[in-house]
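The structure appears below as structure tokens.
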Amino acid sequence: MTVVALIAVTVAVALVRAGWSGRTGLAAAGWALAIAAIFALGWQYGAWGIAIGFVVAMAVAIVFVLHAAAVSPARPRRREAASSTALPQGDGYAIARRLGVFVIVVPLSFIASQGLALAIAAAMKGNGSLDANSVATAMFIQPTAWAAIMAWQMTMDNLRNMAAPPVLVALLGSIIGALA
């Protein structure tokens, strides 16, 4: 059963690869076969079977990607424009704006997400003693909120708009903390 399921995973990845050329039916069949094979491995061996199935699928996929990289012709190089990460020379406003973006996106967003995480942890434990669940929740919420705030900020076009997301999150954290 295990060998059959692992062969099925290999065939499934090959079908998905064949589906890249626009034959969506093959890709769909490949995904269906992969799901069935991984399910069978999980049914028979639990998490170990699922892990082995995914490792085999990834190994086969890597072989296909390496083959595609080896046979693909090199693209001609185009002259690249100046990097957007290079600091502008002699333009104080542009440098100050980049520093402002950094300060708003990194430390301000970090502080806001940390405040939200601590407020939610405080609300979870109430007046009781320190609860492991509240600590784990805070350790999950802080980086998740920080990433979400930064992603939200990167859609903004000026510094004032970029400051709004961390301010709103800090306000939410303050409200939760006050109610805790």
- Identify which of Arg160, Arg77, Arg23 has the largest mean-square fluctuation in a Gaussian network model of the chain, with springs joining Cα atoms closer than 10 Å. Arg23
- Message: Among Val16, Val3, Ala170, whose Cα projects farthest towards the positive end of the dipole of the chain, with charges put on the beta-carbon of Lys, Arg (+1) and Asp, Glu (-1)?
- Response: Val16
- Under the rule of -39500 (n - 2.57) per DSSP H run of 4 or more residues, summed and divided by the residues of the chain, what mean residue ellipticity at 222 nm is obtained, to the nearest 500 deg cm²/dmol? -26000 deg cm²/dmol
- Residue-ordered couplings for segment 96-102, obtained by feeding phi - 60° into the Karplus form 6.51 cos²θ - 1.76 cosθ + 1.60 and rounding to whole Hz (Gly and Pro as x), are 4, 5, 5, 5, x, 4, 4
- Quick one: if you stick a label point 7 Å off each Cα along the C-beta vector at Trp31 and Asp131, how many nm between them? 3.9
- Query: When the chain is modelled as a GNM with alpha-carbon springs shorter than 10 Å, which of Ile120, Ile141, Ile35 fluctuates the most?
  - Reply: Ile35
- Message: Testing the spin-label approximation: label points 7 Å from Cα along Cα→Cβ at Met124 and Phe102. State their distance in nm.
- Response: 3.4
- Item | Cβ-placed point charges (K, R +1; D, E -1), dipole of the chain about Cα centre in debye, nearest 20 | 580
- Item | From the coordinates shown, P(r) over Cα pairs in 5 Å bins from 0, in percent corresponds to which of [x] 1, 7, 14, 20, 17, 14, 11, 8, 5, 2, 1, 0, 0; [y] 1, 9, 18, 22, 22, 16, 8, 3, 0; [z] 1, 7, 10, 9, 7, 6, 8, 11, 15, 13, 7, 3, 1, 0 | [z]
- Item | Dipole of the chain [Lys/Arg +1, Asp/Glu -1 at C-beta], most positive-end residue of Phe110, Ala70, Ala94 | Ala70
- Note on the structure: Under the Karplus relation with 6.51, -1.76 and 1.60 and θ = phi - 60°, whole-Hz ³J(HN,Hα) for segment 151-159, x at Gly and Pro, equal 5, 5, 5, 5, 8, 8, 10, 9, 5
- Pop out the ³J(HN,Hα) list for segment 161-172 in order, Karplus 6.51 cos²θ - 1.76 cosθ + 1.60 with θ = phi - 60°, rounded to Hz; leave Gly and Pro as x. 5, 5, 7, 5, x, x, 5, 5, 5, 5, 4, 4
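Computed from the coordinates by the stated procedures, all read-outs in this text should not be read as laboratory data. These numbers were taken from a predicted model, which means no experiment stands behind them. Cβ coordinates were reconstructed from backbone atoms using ideal geometry, including for glycine residues, and neighbour counts include every protein chain displayed.
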